[in-house]
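Contents: one structure, followed by commentary.
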Amino acid sequence: MTTRIHLNPTAGSARAALAALGATLAAALWPGAAALAQTDAAGYPDRAIRLIVPNAPGGTNDAVARIVAHQLELQLKKPLVVENRPGANGLIGYAAVANAAPDGYTIMHTPPSLMINEFVSKDVRYGMKDFTPITNISLGNGYLIVTNTDGPIKTLADLKAAASTGKGLTYGSAGLGNTTQLASALLGARLGVEMLHVPFKGIADAMNAVVAGNVDVVSATPISALPFVKSGRLRAIAFTGAQRWSELPDIPTVAESYPGFEVIGAWLGWFGPKNMPPAITARLQQEIAKALQVPAVREAIEKGGQAPDGRSPEEFRKFLAVEEVRYRDAVKAAKITPQ
């Protein structure tokens, strides 16, 4: 059996007419949008910007958001305040942005859970249609499979064997619909084992649960798991990418034991409220792309197992359309039932 699921992208470009259409619809649907659309982007921003992260502090999403936010502060010469709004499977954070004025002063940094929720949740209050795509920050290259350092699961073979004891394996994730859930579910399906999903508010909480012995395994983003592994709090038993991760070259890929298995990491995108003016959207994307070219920023993101991106809003829209199909297929392959 071959399992090759890319939880990251292929690029493309959307029609430029989308931008003009968005501005027209904005004027019709939001009273202040017409005036905002005519705003000179050169005067933006003139005050602090809020960056909402719908995840708990300590994970990849939070770390990358803060790296980029700091550089943007230097470029824009205005505060960019990162606000963590975890809980309710991202709903709290999504609501804060979706209900904000589309003026560019409240934006969001989010993984694909915003999209995946539509396939794994029965009650979806916010989706891609409720936001304005700005750009993609980075793309992941895989997940580290981590277990308790003092536990018996030291290899993928141990993980499979543990399932036959009748104990009942559990895996943690950063929340329902998070890519860390998909990665573990796909791994279990490939190994032929059943594992109970235990969602947390963030990946740091999930990994701490493994440390405490409350959960058996987690598929964690590299930048989140590395400090736990380096300090001996967690044991890395495999990497889901196509090649071994350069930071932990002694850790084998899943494909070395199960040929064809490959689960590539998630993207991290920035969005504004629906109907945000194209001029403001473009200004933000241009500044973000500039920030991602700063060597220290690139190095920090790459060291965490991510590849900097920064594509245009039009390319990001096209990319999201492709990703919607990809994640729908991944959810089906993982046999995840909407809850």
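Amide H to amide H, which residues 5 or more places from residue 55 or on other chains are under 5 Å from it, using H placed in the peptide plane?
Placed amide hydrogens put 85 under 5 Å from residue 55.
How would you classify segment 35-145 from its alpha-carbon gyration tensor, with a ≥ b ≥ c the square roots of the eigenvalues: rounded for a/c under 1.5, else prolate if a/b is greater than b/c, otherwise oblate? Intermediate results must be reported in sequence, preceding the final value.
Values: a/c = 2.02, a/b = 1.34, b/c = 1.51.
It comes out oblate by the Cα gyration axes.
Among residues other than residue 151 whose Cβ falls under 15 Å from its Cβ, what is the net charge (Lys/Arg +1, Asp/Glu -1)?
Working: positive: 154, 160, 167, 233, 235; negative: 150, 158, 216.
Here the charged neighbours net out to +2.
Mind ordering 42-48, 206-212, 62-68 by average Cβ neighbours within 10 Å, highest first?
Numbers: 42-48: 11.9, 206-212: 21.0, 62-68: 23.3.
The most tightly packed comes first, giving 62-68, 206-212, 42-48.
Rounded, prolate or oblate, given the Cα gyration tensor of segment 249-339, with a/c below 1.5 counting as rounded? Before the final figure, lay out each step's value.
Values: a/c = 3.19, a/b = 1.36, b/c = 2.35.
Oblate shape, in that a/c is at least 1.5 and b/c is the bigger or equal ratio.
When you count, for each residue, the other Cβ atoms within 10 Å and take the mean per peptide, how do 100-106, 222-228, 151-157, 326-332 rank with the highest first?
Output ranking for 100-106, 222-228, 151-157, 326-332: 222-228, 100-106, 326-332, 151-157.
Near residue 77, which aspartates and glutamates are there with a Cα under 19 Å away, not counting those fewer than 8 places off in the same chain?
40, 46, 103, 287
Taking the number of other C-beta atoms within 10 Å as the exposure measure, put 283, 244 in order starting with the fewest.
Working: 283 21, 244 16.
So the ranking, lowest neighbour count to highest, is 244, 283.
Using label points projected 7 Å from each Cα along Cα→Cβ, tell me how many nm separate residue 164 and residue 130, to one decimal.
4.6 nm
Pop a pseudo-label 7 angstrom from the Cα along the beta-carbon direction at both residue 230 and residue 83 and give the gap in nm to one decimal.
Computed distance between label sites residue 230 and residue 83 equals 3.2 nm.
Quick one: 3J(HN,Hα) in Hz for segment 168-184, Karplus 6.51/-1.76/1.60 with θ = phi - 60°, rounded, Gly and Pro as x.
x, 7, 10, 10, x, 8, 7, x, 4, x, 6, 5, 5, 5, 4, 4, 5
Compute and list, largest first, the equivalent-ellipsoid semi-axes of the chain from the alpha carbon gyration tensor, each √(5λ) rounded to a whole angstrom.
Values: eigenvalues 260, 79, 60 Å².
Ellipsoid semi-axes (Å, largest first): 36, 20, 17.
Apply 1/(1 + (r/R0)^6) to the Cβ-Cβ distance of residue 122 and residue 303, taking R0 = 35 Å, and write down the FRET efficiency to the nearest 0.05. List each step's numbers first, then the result.
On the way: r = 39 Å, r/R0 = 1.10.
Efficiency, from the Cβ-Cβ distance: 0.35.
May I ask you to evaluate 6.51 cos²θ - 1.76 cosθ + 1.60, the Karplus curve with θ = phi - 60°, for each residue of segment 315-329 and list the ³J(HN,Hα) values in order in whole Hz, giving x for glycine and proline?
Whole-Hz 3J(HN,Hα) from phi for segment 315-329: 5, 5, 4, 5, 4, 5, 5, 5, 5, 4, 5, 4, 6, 4, 5.
What value, in deg cm²/dmol to 500, does the helix sum -39500 (n - 2.57) over DSSP H runs of n ≥ 4 give at 222 nm once divided by the residues of the chain?
On the way: 12 runs with 134 residues, N = 339.
So the helix-based figure for the chain works out to -12000 deg cm²/dmol.
Arrange the peptides 182-193, 121-132 so that the one whose residues have, on average, the most other Cβ atoms within 10 Å appears first. Don't jump to the answer; show the numbers that get you there.
On the way: 182-193: 22.5, 121-132: 15.8.
Descending packing order for the listed peptides: 182-193, 121-132.
Please label the shape of segment 144-264 as rounded, prolate or oblate, based on the square roots a ≥ b ≥ c of the eigenvalues of the alpha-carbon gyration tensor (a/c under 1.5 means rounded; beyond that, a/b larger than b/c means prolate, else oblate).
Details: a/c = 1.22, a/b = 1.04, b/c = 1.18.
Cα axes put segment 144-264 in the rounded bin.
Explain nothing, just compute: Karplus ³J(HN,Hα) = 6.51 cos²θ - 1.76 cosθ + 1.60, θ = phi - 60°, for every residue of segment 131-148 in order, whole Hz, x for Gly and Pro.
Per-residue couplings from phi come out as 9, 9, x, 9, 6, 9, 7, 7, 10, x, 10, x, 10, 8, 8, 10, 9, 5 Hz.
Where a number appears in this text, it was derived from the coordinates with a stated rule and is not lab data. Treat the numbers as computed from the prediction; the structure is a model and nothing was measured. No Cβ is skipped: glycine too gets one built from the backbone with ideal geometry, and neighbour counts run over all protein chains shown.
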